[in-house]
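First the structure, in the form of structure tokens, and then the observations on it.
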Amino acid sequence: QVQLVESGGGLVQAGGSLRLSCAASGRTLNRYTMGWFRQAPGKEREFVTGVRWSGGSTYYADSVKGRFTISKDNAKNTVYLQMNSLKPEDTAVYYCAARTLFAPMNYGPYDYWGQGTQVTVSS
């Protein structure tokens, strides 16, 4: 079992920045892929970005490429999502997720999920 706890959401004006954190516990994450997803009201949950714990390769959805950066702190077992140049359309509940399945990061199921953190971008 992996427990994931997100933090760092809030209200920000368009053009601003936020950093989300996802603290993981329960397992060594060497074989895990960590992902960030988001779900806006009335929309399906969508993949935002992911990172492989071992090796650190990353992948971004086109909608956030160049604005968002995923990173990890091995010592703290924590994944971060730095969000810059935020837009109103980035408003959503952001979820952290984890899995051991080795597949393209934006496809396939994730096994563990956090409770989510709200990000609201005002225009």
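The values are calculated or read from the model by the stated rules, or taken from the named source; none is laboratory data. The model shown is predicted, which means the values in this text are computed figures rather than measured ones. A quick note on method: Cβ atoms are made from the backbone with ideal geometry, for glycine too, and the neighbour counts reach across all protein chains shown. SASA here: full protein model, heavy atoms, side chains in, ligands and nucleic acids out. Shrake-Rupley method; radii C 1.70, N 1.55, O 1.52, S 1.80 Å.
Tabulated values for the structure
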item: Elements of type strands (runs of 3 or more DSSP E) in segment 44-123, at least 2 residues being at pLDDT 95 or above and small (Gly, Ala, Ser); result: 92-99
item: Residue match in segment 77-97 (condition: among the hydrophobic types (A, V, I, L, M, F, W, C), open to solvent by 50 Å² or more (accessible area, probe 1.4 Å) and under 20 Å from Val2 (Cβ atoms)); result: no
item: Qualifying residues in segment 46-69 (those that are of a type in the set (Gly, Ala, Ser) and touching a Phe, Trp or Tyr at 6+ places or on another chain (Cβ under 9 Å)) - the one least open to solvent (accessible area, probe 1.4 Å); result: Gly50
item: Segment 64-77: number of residues that are free of Cβ contacts under 8 Å to residues at least 12 places away in the same chain and closer than 15 Å to Asn106 by Cα; result: 1
item: Scan of segment 19-45 for residues that are open to solvent by 30 Å² or more (accessible area, probe 1.4 Å) and not small (Gly, Ala, Ser), ordered by number; result: Arg19, Arg27, Thr28, Asn30, Arg31, Gln39, Pro41, Lys43, Glu44, Arg45
